[in-house]
Amino acid sequence: MYKREIPLLITFLSGMVAVLEYYFPTDATKNAFTVLKNWGIVIAAFALGFGAVNLFIVYGRRFRKAPNPVDRVFSIWLLVLLVITALVGVSLSSASDQYQWIYNSIYLPLGATMYASLCFYMTAGAYKVLRAKTLDSTLLLITAFLVILGNTPLSAAIWKGFFSWRMWIFDVIVSGAYRGIRIGVGIGSIVLGIRTLLGMETGYLGRR
Amino acid sequence: MVWLIPEGRLTPFITLILMWIITLISIYYGKKGKFSVRRIPGLDKIEEAVGRAVEMGKPIFDIIGMGSFTSVYAPQTVAGLSVLGYVSKLCAEKGAKLIAPQAAVDVMPVAVEIVRQSYAEAGKLDELDVDEQLPYLSGTQFAWASGIIGMAARLKPAANVMIGPFWAESMMFAETFARVGAYQVAGTARLYQLPFFAAVADYVLIGEEIFAADAYLTKDPVKIGSLFSQDVYKLIAILLSVIGAILSTAGVKVIVDVLSK
């Protein structure tokens, strides 16, 4: 019972508080929802420790057992940086100069590098798709070509109509298709939510 | 009580109650076996992906995205977990090595429990190494992405199943796994990522198809019944769109007015 019925009851009550807070936003429902959100933050903080423990187990083991010395170096490097970042953040606060230096000088450039590499992935993906093999892919190629022309300043300088074509493709063709998918996604989410509140969807409990 | 409802939320509230009732009725008829589900090729191919991993002696990845239970993307995460349950069950039964890297600390314990249960049901719990097979990589988008890209490059998996909420990392994953020759089944309800999956993955689940995954894979009549209610709502949405467009064109705003109340 404590593994199934009680979690389902908690889910139902929590879900109903969220629903009531949205449709009947009184002080009572708002306060109850705020308390629930705060509990969620506290539980998530505990779960963060779970992730850190897993990192130590996996990379500690890899440091001890990895046959490749490079793997060992990277494993211990990850753990050292994890400890340093956590210590600086906890002892000096995340607003301190030292923590900000770690964030701005290490984390941000690495993140930006990864994000920038996305253009190469997208180019490789586009190369695979934009080939006129079938009618569908030919239409896709023509559409993509028109959108690219509409997005580049040079083509707009040659003929402003490219920009209008691009806008028409986005406003009519793309919007129509996206709205259809979006409505389906919204309906699917609501039905999943109803199933969850009714205790018929138990995937989030970790058992089927 | 109705006067407590703010402007613009009365119609959604009534709609929600009606949806609740219709869903319950659909579930009632679903239990009687009145409905069936159309084929979803992407979900059928998951078994083939696991079989490929067994034949090649290489691992299979199952990535559920970095969504949490407390965001608006929670339904997609739940859908991803449902598929993870199915994939892990197949892996445990057939003897494929499952790798499911984690990014959300609140979802990770649930994912671990699901996989552990699948292996326990197959009587192969001793073959599961949770720390190695479900490693926590990072809760930060590109740290997580680079971790998975590195794992894919080193392990060269036979297949990759990605179902859940994805952001900019979707294209990185899809392209990296394609480059190492992995067979891919991908699905998300994040609209901007769908084209990337469609471009590179072998099979794609579009939008709401990921929410149908659990019902489709488990053949649970309750869930199949609720799927029928989704079709009813879609039909109503189509009718409202068409009639609303015609009436609005004619200058009659009645549907717009009712929906905005």
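The values are calculated or read from the model by the stated rules, or taken from the named source; none is laboratory data. What you see is a predicted model, and the numbers here were worked out from it, not measured in a lab. Positions of Cβ are backbone-derived with ideal geometry, glycine not excepted, and every protein chain shown enters the neighbour counts. Side chains are part of the model used for accessible areas, which takes the heavy atoms of the whole protein and leaves out ligands, DNA and RNA. Shrake-Rupley method; radii C 1.70, N 1.55, O 1.52, S 1.80 Å.
Neighbours of B:LEU90 by Cβ distance under 11 Å: Lys/Arg scored +1, Asp/Glu scored -1, total -2. Contact order for the stretch A:5-118, expressed relative to its length and based on alpha carbon pairs under 8 Å spaced 6+ residues apart, stands at 11 percent. Between 0 and 90 degrees, the angle of helix B:169-179 with respect to the longest Cα principal axis of chain B falls at about 40 degrees. Spin-label pair A:ILE10-B:ILE246: with each label point 7 Å from Cα along the Cα-Cβ axis, the two points sit 5.2 nm from one another. Relative contact order, percent, of the stretch A:131-208 when contacts are C-alpha pairs under 8 Å separated by at least 6 residues? Once normalised by length, the contact order is 16 percent.
Counting only Cα atoms, the size of the stretch A:5-118 along its three principal axes is 59, 37, 35 Å, in decreasing order. Per residue, the Cα convex hull of chain A amounts to 299 Å³.
Remark: mean inter-chain Cβ contacts per residue of B:69-77 equal 4, using a 10 Å Cβ-Cβ cutoff to other protein chain atoms.
Counted by Cβ distance under 15 Å from A:TYR127, the other residues give a net charge of +3, where Lys and Arg count +1 and Asp and Glu count -1. Calculated from the alpha-carbon coordinates, the stretch B:151-261 shows an Rg and a Dmax of 19.5, 62 Å respectively.
As a length-normalised measure over Cα pairs under 8 Å and 6 or more apart, the relative contact order of the stretch B:53-167 settles at 44 percent. Per residue, the Cα convex hull of the stretch B:1-93 amounts to 169 Å³.
Over the stretch A:128-196, all Cα pairs binned in 10 Å intervals from 0 give whole-percent P(r) values of 19, 30, 28, 15, 7, 1, listed from short to long.
Per residue, chain A exposes 65 Å² of accessible surface when a 1.4 Å probe is rolled over the protein heavy atoms with every protein chain present.
Measuring between their Cα centroids, the stretch A:18-74 and the stretch B:133-188 lie 21 Å from each other. Each residue, B:TRP3 and A:ILE181, gets one label point 7 Å from its Cα in the Cβ direction; the gap between the two is 4.6 nm. Averaging Cα coordinates gives a centre for the stretch B:47-73 and one for the stretch A:116-190; these two points are 29 Å apart. Rounded is the label for the stretch B:41-211, because the ratio a/c of its alpha-carbon gyration tensor axes (a ≥ b ≥ c) stays below 1.5.
Screening chain A for whole DSSP H helices with an alpha carbon extent of at least 20 angstrom along the helix axis and a mean Kyte-Doolittle hydropathy of at least 0.5 yields A:5-23, A:27-65, A:69-92, A:135-151, A:175-197. Across q = 0.09, 0.10 Å⁻¹, the protein assembly as shown modelled as identical point scatterers on its alpha-carbon atoms has Debye log10 I(q)/I(0) values of -0.71, -0.88, in the order of the q list.
Output the 0 to 90 degree angle, nearest 10, between the alpha-carbon long axis of helix B:221-249 and the longest principal axis computed from the alpha carbons of chain B. Helix B:221-249 sits roughly 50 degrees off the main axis of chain B. Per the accessible-area calculation with a 1.4 Å probe, the total area buried between chain B and chain A rounds to 5600 Å². Specify the angular offset, from 0 to 90 degrees and rounded to the nearest 10, of the alpha carbon long axis of helix B:141-155 from the longest principal axis of the alpha carbons in chain B. It is inclined by approximately 40 degrees.
Name the lysines eligible as straight-distance cross-link partners of B:LYS32: C-alpha to C-alpha under 25 Å, and not fewer than 8 places from it in the same chain. Leaving aside lysines fewer than 8 places away in the same chain, those within reach of B:LYS32 are B:LYS219, B:LYS223, B:LYS234.
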